[in-house]
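One structure below.
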Amino acid sequence: IIDYAKERIHVAAKQLGRMLDLKRKEEELEKKSTLLGESQVLANLGSWEWQIADDTWVFSEQWKRIHGVTDDKMNTSRLFEIAHPEDAPYIEKAFCDAREEGKTYSIQHRIIRPDNGQTRYIHALGEVEYSRDTNRPVRVIGTAQDITEHKQAEEEAQRLLAEKETLLKEVHHRLKNNLAQVESLLSIQADSADSADVKSALNKAVSRVGSTRTLYEKLIVGESYEEVPMRAYLESLIDSLVKVFNERCGVTVERRIVDFALEPKKAVPVGIIINELLTNVFKYAFAGREEGHVSIDLEKTEKKVTLTITDDGVGSYKGVDANNTPGFGLSLVKMLAEQLGGTFTNENNNGTRSVLEFEI
């Protein structure tokens, strides 16, 4: 009797141990479930599961809160009723692609909550699970996150950016118009000047202002204020300089300009440098001659830009050490070259050859 009693006690103890172990597991599972629910609330993220065979759905409480659903009576038809009418075909296609092709999808779409009629933005993720035996889709699981606030903030940022672009365009327009007025006034003054030296100085000022105005025209037309297309900018600038200074039809200007973009703070100095160098070429290189040739080359490698202007004239600075000349034009060029972090060289040898190099 004692042995039988011991055996029964031992069996009962083992059963009690299993029951306690099962209880602990249930408590741990409940804690994990609670933690998962709290985490979903914090992340505004709900989870769901779709059993394809019988079209049954299981949703977390947070999923139902996000979608404004208060009951468990959900199926595929009702799910698409919640979707915004314009987005429903897009969502359906994502589901079909996931089911038929095994694609994991990540989409953004809108819903209309049935409890309050609000339109909300949802980021949905989904993944298909397949049967090992038949390799057919049996289940789809996924998450849904309410991203309405993020979407609204994104749209507000886009609106502010559009306002900034409009304001910046208006500033460029006004500045361009102001530069054009200054350019016109200087040009009128140059035409009425009696002194050749005064006329020359004013014409130089006209070309310098025109260089900056041309840049702003390119910025406005291109609607990009971060980069300047150099070929279009310099072609316009060279055309305006030829029109102002090159009165000899026999002087040809050859251009080989690589098409690339520079930020405005680098494009402006390059334009002014070309303005100064071409002005000097037109004024001095072909003195006493009816014909001549000017070549303008702008090249770009991965890290360096090289501008070369050559002519076959008598030498723009004949008899002067060009690298040490105190003339304002070349002094300005050297200063701008330093501003670009580059180098400038100028030499007279069967004409003039000027080279600007700087890194980008």
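The values are calculated or read from the model by the stated rules, or taken from the named source; none is laboratory data. As the structure is a computational prediction, the values presented were derived from the model and not from experiment. Neighbour counts run over all protein chains shown; Cβ positions are idealised from the backbone, glycine included. Note: accessible area is taken over every heavy atom of the protein model, side chains too, but ligands, DNA and RNA are not part of it. Shrake-Rupley method; radii C 1.70, N 1.55, O 1.52, S 1.80 Å.
Things worth noting here:
- With θ taken as phi - 60° and the Karplus curve 6.51 cos²θ - 1.76 cosθ + 1.60 applied, the whole-hertz 3J(HN,Hα) list for the stretch 145-158 is 10, 7, 10, 4, 4, 5, 5, 5, 5, 5, 5, 5, 4, 5 Hz, x standing for glycine and proline.
- Between ILE360 and LYS304, VAL305, the built amide H atoms are under 5 Å apart, and every one of these is 5 or more places off in sequence or on another chain.
- Apportionment of accessible area to carbon and sulfur, the stretch 244-293, percent (1.4 Å): 50 percent
- Under the combined filter of DSSP loop state and at most 16 neighbouring Cβ atoms within 10 Å, the stretch 53-90 retains these trypsin sites (Lys or Arg not before Pro): LYS73.
- Taking amide hydrogens as placed 1.01 Å from N in the peptide plane, the amide H of HIS84 sits under 5 Å from those of ARG110, ILE111, ILE112, each at least 5 positions away in sequence or on another chain.
- For the stretch 73-143: rounded, prolate or oblate by the Cα gyration tensor [a/c cutoff 1.5]: prolate
- Here is the P(r) of the stretch 154-218: all C-alpha pair distances, binned every 10 Å from 0, give 22, 33, 20, 13, 8, 3, 0 in whole percents.
- Near VAL228, the amide H atoms lying under 5 Å from its own belong to LEU262, GLU263; only residues 5 or more places off or on other chains count, and H is placed 1.01 Å from N.
- Derived scalar couplings between HN and Hα for the stretch 299-310 equal 10, 9, 9, 4, 10, 9, 10, 10, 10, 10, 10, 10 Hz in order, rounded to whole Hz, by the Karplus curve 6.51 cos²θ - 1.76 cosθ + 1.60 (θ = phi - 60°), x for Gly and Pro.
- Cα extents for the stretch 99-202 along the principal axes, largest to smallest and rounded to whole angstrom: 100, 38, 15.
- Phi to ³J(HN,Hα) by Karplus 6.51 cos²θ - 1.76 cosθ + 1.60 over the stretch 88-94, Hz, x for Gly, Pro: 4, x, 5, 5, 4, 5, 4
- Computed from label points 7 Å out along Cα-Cβ, the spacing between GLU127 and SER195 is 8.3 nm.
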